[in-house]
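All remarks here apply to the structure that follows.
Here, each number is a calculation from the coordinates, and none is a lab measurement. Values in this document were obtained by computation on a predicted structure and should not be read as measured data. Every residue, glycine among them, receives a Cβ derived from its backbone with ideal geometry; neighbour counts consider all protein chains shown.
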Amino acid sequence: MTKKQNVGGQAVIEGVMMRGGKNIAVAVRQADGEIIVDVHPVSSITDRYPILKKPLLRGVVALVESLYHGMKALAYSAQVSGEEDEQMDSKEMAMTIAFSVILAVVLFIIIPTWSMRFLHGVTDNPMWLNIAEGSLRMLIFLLYITAISRMKDIQRVFQYHGAEHKTIYTYEAGLPLEVENVRQFSTLHPRCGTNFLMIVMMISMFVFTFLGWPNLVERILSRIVLMPVIAGVSYEIIRYAGAHIDQAWVKASIAPGLCLQKITTREPDDDQIEVAIASLKAVLPEEYPEAVPSPKTDDSFGTPAVLVDEELKLLEKENEE
């Protein structure tokens, strides 16, 4: 039996992005019902600098590259689905990513550690202050996820998130990528980015507990500086969990993230599953050569893509002849 490729994905607006070992694809359902797929080769900076493949370092690289490709896929899907008239250029993309990072720093680092000033009348113990800060950070994170999950558009994205997980499970189980096979699987997956974020929260709470309680600026800087280390450790845990899901301690460590996925994923309908299947097949041309176009040579979304439904009709016509 051929070893399955390690694939991952992300839900986008009315679609799913999938990434395999060599290709990355975004499948989006347009307003007229057609599924449009954009696929191109993808490489990692780790291919040029092998040292970045070492444990801890590879997690930081994976996080940065996932953020970059994810933002590009979101912008592309917004345009194709009709949510946006124009695609963002490189400058706008960089500004969007920078804004997202700054917002995350404000919400999850600056506000929690600054807010601890109100507890000084209760305790000055550095350990308890750090634990309280970590608890507030976790609370803000959960409230943020819960709040956006109530938005109608986000609920559809969460359905595509569920479709992505179900489709990957089907592929990993070695079953044909068909809607009826995909339906039976869970929307919760151990390698999900939601799991990663939850583990980052828990590990940061543990690490920061031992840093003492310096002034506000030093606390903020220490948390920012250590975040790549924490992200690297969290990545290794997720990577190990995906390969050793049957171990008891692994199940316990990812349980909070799986619970959170009950918010960030929803049961998809068959149309959404079809989109996820089209995206996954597009990153596996060696296994599904009849279903996808040849990868393009550029590395950007937004160039002419392929209407999957039209391609299937052409194939059916050729087979009939």
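Each Lys and Arg Cβ is given +1 and each Asp and Glu Cβ -1; about its Cα centre, the chain then shows a dipole of about 2040 debye. Taking the longest Cα principal axis of the chain as reference, the axis of helix 193-208 is set at about 20 degrees. Taking the 0 to 90 degree range and rounding to the nearest ten, how far is the long axis of helix 308-320 tilted relative to the main principal axis of the chain, both from C-alpha atoms? Helix 308-320 sits at roughly 30 degrees to that axis. Relative to the dominant Cα principal axis of the chain, helix 90-105 is inclined by about 40°.
For VAL12, the amide hydrogen comes within under 5 Å of the amide hydrogens of MET17, counting only partners 5 or more places away or on other chains and with H modelled in the peptide plane. Taking every C-alpha pair closer than 8 Å and separated by at least 6 residues, the mean separation divided by the residue count of segment 8-316 gives a relative contact order of 32 percent.
Taking only the Cα atoms of the chain, the radius of gyration and Dmax are 21.1, 83 Å.
Find the relative contact order for segment 108-222 and round it to a whole percent, using C-alpha pairs within less than 8 Å whose residues are 6+ positions apart. Relative contact order comes out at 37 percent.
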